[in-house]
Amino acid sequence: MTKIQELYRLAGELGDGRKEELQERIVKAIYRQAEAISGRVVSRHPGWACDWDRRIDDVVTSRLTGFPLMLLLLGVVFWVTIVGANYPSEILAALLFGLEDPLSFLFDYTGAPQWLCGMAVQGVYRTVAWVVSVMLPPMAIFFPCFTLLEDLGYLPRAAFNLDGLFKRAGTQGKQGLTMCMGFGCNAAGVTACRIIDSPRERLIAILTNNFVPCNGRFPTLIALATLFFAGSLSTSLSFMATAVVTTLVLLGVTVTLLVSYLLSKTLLRGLPSSFVLELPPYRMPQVGRVIVRSIFDRTIFVLGRAVTIAAPAGAVIWLLANNSIGGQNILKGMANFLDLPARFLGLDGYILTAFILGLPANEIVLPILLMGYLAQGTLVEPANFQDLGNLLVAYGWTPVTAFCFMLFSLLHYPCGTTIWTIYKETKSFKWTIAGVLIPLAVAVIVCGLVNFVGRLILN
């Protein structure tokens, strides 16, 4: 023990690179010695029962099968979330939107002015109802699935597989865990960055977590993937939509690695730190505890934050859609003003306006867009799926428009909840602003290039 302490003391006197290398060699030596001692005093009976966890690890962490297995599990979780959330979301939406008429009647009964009733019911309540009905079912499915993988012991193996990629990008494998949390909610992913010890690498993980789509963006991505890229409504619809969405997710992971690399070479220079990851034994998940923990600690917590921000946003949207300046509707005026820069991105003014007004919660971007197209003063929902496709095509949408919309949704700035979380975690306005501008710049560059290439191909 004295010799090891002396080695650690020497490591502390070296530079960062030599220090990390020496500490890693010390840990490897400790484990080799522990394994040698264990081999002399512990007897093992040969057979599958004794080393089944090691045999599974040979497959799960293999360079040949590790990544395909990760992709398969990711696709399965997405498919379960997509299929499982459809009917609960419809039921919840019908229940919540069914309360609008009683609420309006209550306002009329009390003699409240019409503008107050409209702002409270059609603005605030309808926005909150939309967010809850869209967010709650996918989160209630995704978070338990994710927590089951965590409780099973798979996530440390995923971090082990990703460590090499993130180390080449100037960070470390723990960022892979925080990235996975971002699939449920980017705010939760930013909070999860606390597990990264290095302040530099923690900041890189915070600034890039937004590049993986959260629950709020999945419904929009799924809808557009189905309408424009998955063919027609059929039994295989969910599989096609899953394939398109999974491809977008892989694109988001690729952008995460590229931006992490650029940050590590520019704004946040430094050597990547190594981390010793002791793979825990596989264990049977405690399903009851997992469900309770994922729902109360994650789902309700994230949903509460989203509702807190979405409620005042509903009031603002209603006011913009129901008031005019100089005889022109404010919402329409914003769309006309933003139309030129939006065309560069392969979008239109109404789409860009919807993204700006949808800052509080990604779930309300599509309904705001429909509200603008149909010139209605409240959030609207199409009568059925086919109506949505016909409406978008009628307003000039092409596959290029849909793909640019999906890319912008994937890469653009974080939602209001995540922006607030970035500030809470960094305690810095500078890095909070960077957390908004960096994704926005990436989205503008990527969408601009895709639009340019798409127009060349179509023309």
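Going by neighbour counts of Cβ atoms within 10 Å, the residues Cys193, Cys117 line up, fewest first, as Cys117, Cys193. Full extension of the chain between Lys424 and Met284 yields a length gain of 46.9 nm, computed as 0.36 nm times the residue separation minus the alpha carbon distance. For the stretch 26-178, the fraction of alpha-carbon pairs lying more than 29 Å apart is 50 percent, rounded to a whole number. Once the C-beta distance of Met240 and Phe296 is scaled by a Förster radius of 45 Å, the resulting FRET efficiency is 0.85 to the nearest 0.05. Applying 1/(1 + (r/R0)^6) with R0 = 30 Å to the Cβ-Cβ distance of Ile356 and Val76 gives a FRET efficiency near 0.30. Over all distinct Cα-Cα pairs of the stretch 66-458, the Kirkwood formula returns a hydrodynamic radius of 21.8 Å. Computed extension length for Ser324-Leu116: 73.2 nm, one decimal, from 0.36 nm per residue of separation with the Cα-Cα distance subtracted.
Phi angles across the stretch 330-347 convert, under the Karplus curve 6.51 cos²θ - 1.76 cosθ + 1.60 with θ = phi - 60°, into 3J(HN,Hα) values of 4, 5, 5, x, 4, 5, 5, 5, 8, 5, 5, x, 5, 4, 4, 8, x, 10 Hz, Gly and Pro given as x. The calculated Kirkwood hydrodynamic radius for the stretch 394-435 is 12.1 Å, given to one decimal from all distinct C-alpha pairs. The calculated FRET efficiency for Lys28 paired with Leu449, based on their beta-carbon distance and R0 = 60 Å, is about 0.85. Neighbours of Leu258 by Cβ distance under 15 Å: Lys/Arg scored +1, Asp/Glu scored -1, total +3.
Each peptide in 415-421, 148-154 was scored by the mean count of other Cβ atoms within 10 Å over its residues; highest first, the order is 415-421, 148-154. Along its three principal directions, the equivalent ellipsoid of the stretch 149-253 from the Cα gyration tensor extends over semi-axes of 29, 14, 12 Å, largest first.
Values in this text are rule-based calculations from the coordinates and carry no lab data. Keep in mind the model is a prediction, meaning the values are calculated, not measured. Glycine gets a Cβ as well: all are built from the backbone with ideal geometry, and neighbour counts include every protein chain shown.
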